[in-house]
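Working notes, structure below.
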Amino acid sequence: MKRLLSKKAVNTVISTVLMISIAVTMGAIMVGWAMATVGSYQSGAGLYFSNAGESMKESIAVENVWYNSSPTNRLNVYVRNVGAVDVDVVEIYVRVDASTYKMSNSSFPRKIPLPASTAGEKGMRWFYSTIPNLSGKTLFITVATKRGNQVKATWVV
């Protein structure tokens, strides 16, 4: 009974073993956490670079724009796929003076497939919209794709 009431400190060997086991346990927890965190960053980075690679293969060109003021006020934009993958056009914006219009008469997203080796409509697409009073004005056209690419063109109609 006398020994239990003694206020002696824990033996130094036991305290050393206890401290080492706590340090090893904390180290194992930190290694597990670090591996899980790095693994999630690696998978996210792989997805990012995969999408970036596809985005770099995408290329489009605004080849022709014309405006039919009478009787329809119809703006026509001719877009061609000149890249290595199919392109999904999600929006076309037209800025005139201080106003910005969306090409609303065309349905979006609109796929522009790869150009075929034979002549025809593959690899190109017409977009149109009704926008009043464009004759003789400078149009700043932006075509946006699903992968986040944009092509900008300036035309006078």
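The values are calculated or read from the model by the stated rules, or taken from the named source; none is laboratory data. Note that the structure is a prediction, hence the values are computed from the model and not measured. Virtual Cβ from ideal backbone geometry, glycine too; neighbours counted across all protein chains shown.
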- Using beta carbons and a limit of 7 Å, which pairs, at least six apart or on different chains, have the first residue in segment 131-142 and at pLDDT below 90 and the second one in a strand (DSSP E or B)? ILE131/LEU75; ILE131/VAL94; ILE131/TYR101; LEU134/TYR67; LEU134/LEU75; LEU134/VAL96; SER135/TYR67
- Query: Could we say that LYS152 is modelled with pLDDT of 85 or more, in contact with a Gly (Cβ under 9 Å, 6 or more places away or on another chain) and of a type in the set (Lys, Arg) here?
  - Reply: no
- Query: How many residues are under 16 Å from TYR128 (Cβ atoms) and among the hydrophobic types (A, V, I, L, M, F, W, C) if we restrict to segment 66-95?
  - Reply: 7
- Task: Count, please, the residues in segment 131-153 that happen to be in a loop (DSSP other than H, G, I, E, B), crowded, with 16+ Cβ neighbours inside 10 Å and more than 20 Å from the chain's Cα centre (by Cα).
- Result: 2
